[in-house]
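The values are calculated or read from the model by the stated rules, or taken from the named source; none is laboratory data. In this text, all values refer to a predicted model and were calculated from it rather than measured experimentally. No Cβ is skipped: glycine too gets one built from the backbone with ideal geometry, and neighbour counts run over all protein chains shown. These area figures cover heavy atoms from the full protein model, side chains too; ligands, DNA and RNA do not enter into them. Shrake-Rupley method; radii C 1.70, N 1.55, O 1.52, S 1.80 Å.
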Amino acid sequence: WPLVGELPYLLWNISNLHDYATQRLKLLGGTTVNKSPMFLNSCDYIVTSDPMNARHILIRNFANYEKGEDLRIIMEGTLGEGIFNANGESWKFQRQLIHSLINNKEFGDLVMQTLRVKMQGTLFRVLDDYASGKKSDEILDMQDVAKNLVFDNICSLVFGFDPCSLSHVGSDSKLLSSSELHALLLGKAFDEIEEAVIYRHVVPMWVWKFQKRLQIGVEKKVAKYCKILDEFLYASIEMKKQELSTLGNNIDNSTTERRDLFSHLLVGEEKFSNKFLRDVAISLIVAGRDTVSSALTWLLWLVATHPDVEKRVLEEIKQVMTTTTSSSGGLLSEDELNKLIFLHATICETLRLYPPFPIEHKCAVEGDVLPTGHCVRKGTKILVSIYSMGRMEEIWGNNCMEFKPERWISEQGSIIYVPSYKFMAFISGPRTCLGKTMAFMQLKSMASAILWNYKLDMVEDHVMKPTPSMILSMKHGLKMRVSKRASNLVI
Ligand code: HEM
């Protein structure tokens with residue numbers, strides 16, 4: 001299409017964007033050069049799922065591929081100037097800061113302790129209500145459960161308070177107070193904004209900017225939900241500041257009050273602007289909420305639809321479980337979680353087929369030639385399709401479309417190492433995910449607790465479809481029936 005480039009195809013396939021890209025990449029050898037509409041005066045863009053190109057862009061010639069000005073504009077007013085779209089010195093500073101905050105034993109312990117309390121206190125109660133028939137509706141959306149569980153958890157870690165959104169999942173909205181409704185609305189605000197980010201990637205910039213100016217279509221929703229999020233974020237920052245100023249000189253390093261991330265940030269030497277703190281907070285919440293809940297949702301679906309995998313996961317949990325653990329509702333200790341090799345493989349296999357971040361957006365600083373021979377001009381946008389990379393026969397073999405956790409386990413029974421430029425769920429190179437270890441521990445803990453205590457069955461005829469969003473979630477949720485497993489589980 002000489003005038004409008006690929007736009008009609010993209011819009012036509014927007015609800016199925018990642019599968020559409022995968023089919024094209026398979027057909028065209030793993031890399032496509034796409035023409036931008038002529039009247040937009042914008043550069044061509046390249047989409048690739050070739051691991052050699054991925055290695056070149058993300059590791060070998062890292063300095064030449066930035067997030068780019070376009071992404072900064074796309075994120076304006078949404079994710080702001082947080083780490084996900086920062087470049088140069090700003091990115092280095094934020095990476096160092098977040099690394100120092102989250103990659104230490106004290107924070108790791110807090111993550112696991114907060115999660116255990118939340119699962120015991122709220123998650124089990126919500127699931128029990130459905131399993132026992134206490135709720136009038138017997139079908140539960142497990143995607144909602146995962147999102148709200150992880151959202152409450154990440155807010156506790158970032159700000160030190162729990163918005164309690166999980167408690168209201170599945171409740172009749174007419175019976176909720178305004179603050180309870182607000183807690184649920186926050187999650188919706190994140191979802192809507194993440195969908196809008198993909199929309200802004202697909203339609204020409206002038207289109208969404210025009211909609212934004214007139215406050216129509218998707219952009220009207222963006223403005224509404226950004227306002228909700230901003231009010232929440234700025235209020236949480238203010239509350240934290242007041243709490244710390246009340247504590248004044250009595251802040252003791254060993255008290256729990258100081259252990260959430262913002263307490264560390266705000267009592268440090270450096271003074272940050274509220275806008276900077278807002279951008280750090282939203283990045284941490286997106287990084288921590290959406291990725292982990294997306295992975296957990298896809299995992300629960302895949303396990304429920306593969307009874308052989310479910311059986312092996314349960315057998316493994318039973319093997320590592322001690323008497324103390326079984327009496328504490330099946331919540332495994334860190335040592336026990338580390339022994340769950342098959343569950344680890346199941347998580348890797350889920351992330352291969354359904355990576356929470358399905359695409360990585362880059363922009364060339366200078367002209368270059370990719371290992372596949374494709375010429376890159378200065379300013380060319382490059383989309384590395386992580387989703388498609390997980391479905392390439394050249395990387396994963398003929399059975400690449402099948403869910404087979406055992407492909408990750410060696411004959412010796414350990415996890416097979418796959419280089420990060422082939423298994424890209426956590427990205428590769430200097431911008432590798434900072435929360436990978438934390439994510440695996442959280443996922444193992446939540447998945448083992450849920451699967452051990454409850455049997456989840458898919459609702460018949462439920463349509464499974466990804467949402468076109470920067471995070472891979474399920475368009476129609478994950479509707480399941482919940483029943484309780486016998487405590488002395490016999491597999
Ligand atoms: C299954 C869970 C997770 C997956 C699949 C995942 C994946 C990723 C990916 C693909 C990126 C690169 C994004 C980009 O450049 O646009 C990333 C970056 C990042 N992740 Fe994760 N992530 C997960 C969990 C977490 C958690 C729990 C945290 C901690 C709060 C976290 C913190 C970060 C940070 C701070 C970055 C930015 C790194 C940088 O740009 O230098 N992630 N993650």
Hits in the stretch 139-183 (condition: open to solvent by less than 10 Å² (accessible area, probe 1.4 Å) and among the small types (G, A, S)): A146, S165, A183
Here's a check for you: in the stretch 138-162, which residue that is among the β-branched types (V, I, T) and assigned to a helix (DSSP H, G or I) is farthest from V292 (Cα to Cα)? V158
Suppose we filter G187, G217 for residues that are under 28 Å from F124 (Cα atoms), surrounded by 15 or more Cβ atoms within 10 Å (Cβ to Cβ) and not charged (D, E, K, R); which single one remains? G187
Per-region count, the stretch 389-405, residues touching a Lys or Arg at 6+ places or on another chain (Cβ under 9 Å), surrounded by 12 or more Cβ atoms within 10 Å (Cβ to Cβ) and not in a loop (DSSP other than H, G, I, E, B): 4
Of the conditions (1) in contact with an Asp or Glu (Cβ under 9 Å, 6 or more places away or on another chain); (2) open to solvent by less than 50 Å² (accessible area, probe 1.4 Å); (3) more than 19 Å from S236 (Cβ to Cβ), the single one that I83 does not satisfy is (3)
Counting only residues that are in a helix (DSSP H, G or I), open to solvent by less than 70 Å² (accessible area, probe 1.4 Å) and not aliphatic (A, V, I, L, M), how many does the stretch 87-137 have? 16
Number of the exception - E336 against (1) farther than 17 Å from M446 by Cβ; (2) assigned to a helix (DSSP H, G or I): (1)
Is there any pair linking a residue in the stretch 286-298 that is free of Cβ contacts under 8 Å to residues at least 40 places away in the same chain and more than 9 Å from the ligand (Cβ to nearest atom) to one that is part of a helix (DSSP H, G or I) and not polar (S, T, N, Q), with Cβ under 6 Å and at least six apart or on different chains, and which? none
Taking the conditions exactly as written (within 16 Å of the ligand (Cβ to nearest atom), of a type in the set (A, V, I, L, M, F, W, C) and open to solvent by 20 Å² or more (accessible area, probe 1.4 Å)), does L472 satisfy them or not? no
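Listed here are the residues, each with its yes/no results for (1) within 28 Å of L332 (Cα to Cα); (2) open to solvent by 20 Å² or more (accessible area, probe 1.4 Å); (3) hydrophobic (A, V, I, L, M, F, W, C).
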site: E411; (1), (2), (3): yes, yes, no
site: I415; (1), (2), (3): yes, yes, yes
site: P419; (1), (2), (3): no, yes, no
site: M438; (1), (2), (3): yes, yes, yes
site: L443; (1), (2), (3): yes, no, yes
site: R481; (1), (2), (3): yes, yes, no
site: A486; (1), (2), (3): yes, yes, yes
Note on the stretch 377-424: residues among the hydroxyl-bearing types (S, T, Y) and closer than 16 Å to H56 by Cβ are T380, S385, S420, Y421
Any residue in the stretch 362-378 that is within 25 Å of K436 (Cα to Cα), among the basic types (K, R) and out of contact with any strand residue (DSSP E or B) (no Cβ under 7 Å at 6 or more places or on another chain)? no
Hey, L284 open to solvent by less than 30 Å² (accessible area, probe 1.4 Å), modelled with pLDDT of 95 or more and out of contact with any strand residue (DSSP E or B) (no Cβ under 9 Å at 6 or more places or on another chain) or not: no
Restricted to the stretch 361-388, and to residues that are among the aliphatic types (A, V, I, L, M) and in a loop (DSSP other than H, G, I, E, B), which residue is most open to solvent (accessible area, probe 1.4 Å)? V365
Consider the stretch 163-177. How many of its residues are at pLDDT 75 or above and either assigned to a helix (DSSP H, G or I) or β-branched (V, I, T) (or both)? 4
Give me the residue from the stretch 48-86 that is in a helix (DSSP H, G or I) and among the aromatic types (F, W, Y) and, out of that set, nearest to the ligand (Cβ to nearest atom). F84
Among the residues of the stretch 135-156, is there at least one that is in contact (Cβ under 8 Å) with a residue 40 or more places away in the chain, more than 16 Å from the ligand (Cβ to nearest atom), charged (D, E, K, R) and touching a strand residue (DSSP E or B) at 6+ places or on another chain (Cβ under 9 Å)? yes
Give just the number: which of (1) within 24 Å of the chain's Cα centre (by Cα); (2) more than 17 Å from L353 (Cα to Cα); (3) open to solvent by 30 Å² or more (accessible area, probe 1.4 Å); (4) not acidic (D, E) does M464 not satisfy? (2)
Please count how many residues of the stretch 330-360 are open to solvent by 40 Å² or more (accessible area, probe 1.4 Å), among the β-branched types (V, I, T) and closer than 19 Å to I416 by Cα. 1
Residue that is nearest to the ligand (Cβ to nearest atom) [pool: residues in the stretch 411-455 that are in a helix (DSSP H, G or I) and among the β-branched types (V, I, T)]: T437
